[in-house]
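K.L.:
So that we are looking at the same thing, I have put the structure below in C-alpha cells.
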Amino acid sequence: MGYHYELVEPEGQVSFEHTPPTSNRQRSDTMAMRREKLSFPNASGQALAGLLELPGGVPTGFVLFAHCFTCGKDIVAASRIARNLASRGLATLRFDFTGLGGSDGDFANTTFSSNVADLVAAADYLRAHHQAPVILIGHSLGGAAVLAAAERVPEARAVVTIGAPASPEHVRQQFACDIDTIRREGVARVSLAGRPFNITRQFLEDIESHGLETRIRALGRALLVFHSPLDNTVAMAQAGKIFAAARHPKSFICLDRADHLLSRREDAEYVGAVIAAWACRYLEVPEGARNDG
C-alpha cells in the first residue's frame with residue numbers, strides 16, 4: 001500500500017497563570033495555515049488516517065502527536081494543540097492508531113506494541129515525504145507510547161508527555177473489573193468513556209510486559225512533562241515517576257486547573273504555546289522559516 005494525501009483547506013514544578021499573547025505575525029500565520037488529510041501504511045499494510053497541520057510559511061520543524069487511549073486524532077485537545085503548534089511554525093501530524101477513527105484494522109487485535117509501531121510508521125511517513133519529526137508528543141497512554149518509540153526515531157530531539165502514565169500497565173485501571181474475565185476467556189467487552197471495546201488477553205499481557213523506566217532513563221532527549229493535580233484518570237504521581245526516571249534536560253509543568261482530556265480550550269492552547277517556546281532551543285530552524293525582524 002502506498003502513501004497518499006489530500007489537501008483540505010480551511011527538576012522543579014512550574015505553574016503559569018496566563019496563556020502567552022498572540023503576536024500579529026502569529027495571527028497572520030494562523031490565517032495562512034493549511035491542513036493535509038493523508039494516509040500511510042502501518043507495519044501490516046493497513047491504512048492509518050492522519051491530519052497534517054502546516055504553518056503558513058516554511059515549518060521550523062515537524063511534530064508527531066499520539067492521542068490518548070481509545071481516543072483519536074480528532075479529539076478536541078489534539079486538534080487544538082496541533083493547530084496552536086502550526087500557528088507557531090511547527091508542522092504537526094496527528095493520526096488514528098490502528099482500529100480507531102478513520103484508520104483500518106480491528107482495535108481488538110491491537111496492543112501497546114502495535115501503537116508504538118504505528119508511531120514509527122508515522123515518523124517514517126514524515127521522513128519520506130517532508131522531514132522526520134524532531135518533537136514527539138503523547139497524551140495519556142500516547143505519552144507512554146512516545147517514550148517507548150523515541151529510540152526508533154533517531155531524529156527526535158525532544159519528547160513531551162501530557163497526563164501520561166509511567167507504565168502502560170497503568171491503563172488496566174480503566175477495566176480492572178474485567179481483568180479476570182479477560183484472563184479466563186481471552187476477551188471481554190468493556191466500556192471506556194461510554195463506548196464499548198473488546199480488550200483481549202494479548203493486549204493485557206503486552207502492557208504488562210512493557211517496563212518504561214529503563215527506556216526513560218536512557219531517553220537521550222530533552223523531556224517535558226505536563227500533568228494536572230486534578231487528573232482523575234492518571235494520578236499526578238505517575239508524572240513524578242516519569243520525571244524522576246529521566247535524566248536532564250527535563251522540565252515539569254503543572255496544569256493546575258486542567259482535566260485529563262484538556263477539555264478547556266485555554267488549557268490545550270496553553271500546552272501548545274509552552275511546547276513551542278520550550279522546544280525552540282532544540283530545533284535547527286531552516287533558512288526562511290523564522291523572521292524575528
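Values quoted throughout were computed directly from the atomic coordinates according to the rules given, and no laboratory measurement underlies them. All values reported here derive from a predicted model rather than from experimental measurement. Ideal geometry is used to build each Cβ from the backbone, glycine not excepted, and the neighbour counts take in all protein chains shown.
K.L.:
If you restrict to DSSP beta bridges whose two residues both lie in the chain, what percentage is antiparallel, to the nearest 5?
P.N.:
45
K.L.:
Which value in nm describes the separation of the simple spin-label points at C177 and H129, placed 7 Å from the Cα toward the beta carbon?
P.N.:
Placing both labels 7 Å beyond Cα along the Cβ direction yields 4.2 nm.
K.L.:
From the list (i) 15; (ii) 30; (iii) 36, can you say which value of percent of Cα pairs over 34 Å apart was derived from the structure given?
P.N.:
(i)
K.L.:
What value, in deg cm²/dmol to 500, does the helix sum -39500 (n - 2.57) over DSSP H runs of n ≥ 4 give at 222 nm once divided by the residues of the chain?
P.N.:
Rounded to the nearest 500, the figure is -9500 deg cm²/dmol.
K.L.:
Same structure, new question: Are there GluC sites (Glu not before Pro) in the range 191-293 that DSSP puts in a loop and that have at most 14 other Cβ atoms within 10 Å, and which ones?
P.N.:
Hits after loop and neighbour filter: E284, E287.
K.L.:
Can you check what the net charge comes to around S140, using other residues whose Cβ is under 12 Å from the Cβ of S140 (Lys, Arg +1; Asp, Glu -1)?
P.N.:
Around S140, the charge tally is -2.
K.L.:
For a Förster distance of 51 Å, can you work out the FRET efficiency between the beta-carbons of S209 and A32, rounded to the nearest 0.05?
P.N.:
Once the sixth-power term is evaluated, E becomes 0.65.
K.L.:
Okay, next question. For the residues I137, I162, I179, what sequence is obtained by ranking on other C-beta atoms within 10 Å, fewest first?
P.N.:
Lowest count first: I179, I137, I162.
K.L.:
What is the antiparallel percent of DSSP beta bridges lying wholly in the range 153-293, to the nearest 5?
P.N.:
The antiparallel fraction comes to roughly 40 percent.
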